[in-house]
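Accompanying notes for the structure given below.
The values are calculated or read from the model by the stated rules, or taken from the named source; none is laboratory data. What you see is a predicted model, and the numbers here were worked out from it, not measured in a lab. Every residue, glycine among them, receives a Cβ derived from its backbone with ideal geometry; neighbour counts consider all protein chains shown. Just the protein is used for accessible areas: all its heavy atoms, side chains included, with ligands, DNA and RNA removed. Shrake-Rupley method; radii C 1.70, N 1.55, O 1.52, S 1.80 Å.
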Amino acid sequence: MANTGDRSPTAHDINEAERLARALHYAEVLRERPELVIAAATRIAQVVGAGEATLGQRLWHALLGEPLDMIIRCMTADDADGCLLRSNDPFSMLIGQADVEARRQTRRDARDRCR
């Protein structure tokens, strides 16, 4: 995530930097455990099938059938679609970041990257 230039980072900037950091972590885990893509696809398919999917979840539904490299490239992209994917990331429930101190450190790191 790019530096915010002359302005102070907003909460949105910090949140997006934090989501990107988590997506990069999820990408590492997915390379080790690609079967998690199937679990995510199953969860997203249930939501889509029930007619309750958000735009981001529908985007994930289309993406999860692609090769792992494509999934990772899209979920870590520094563009509007990447932001949308990260705001609806199914891997947050499957992988997450359970350690409270690790979550706090991710937030601090994101804030520092935005400065």
Between residue 111 and residue 39, how many nm apart are label points set 7 Å from Cα along the C-beta direction? 3.1 nm
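Regarding the chain, what is the average projected area of its C-alpha convex hull, in nm²? Mind showing how you got there, number by number?
Numbers: hull surface 29.0 nm².
Projected area, direction-averaged: 7.3 nm².
At 0.36 nm per residue, minus the direct Cα-Cα distance, what do residue 24 and residue 70 gain on full extension? Give it in nm, one decimal, please. Provide the component values of the computation, followed by the final result.
Details: separation 46, 0.36 × 46 = 16.56 nm, distance 1.36 nm.
Working it through step by step, the gained length comes to 15.2 nm.
Would you mind working out the accessible area per residue for the chain, using a 1.4 Å probe, and quoting it in Å²? Please list the in-between numbers first.
Values: 6720 Å² over 115 residues.
Value for the chain: 58 Å² per residue.
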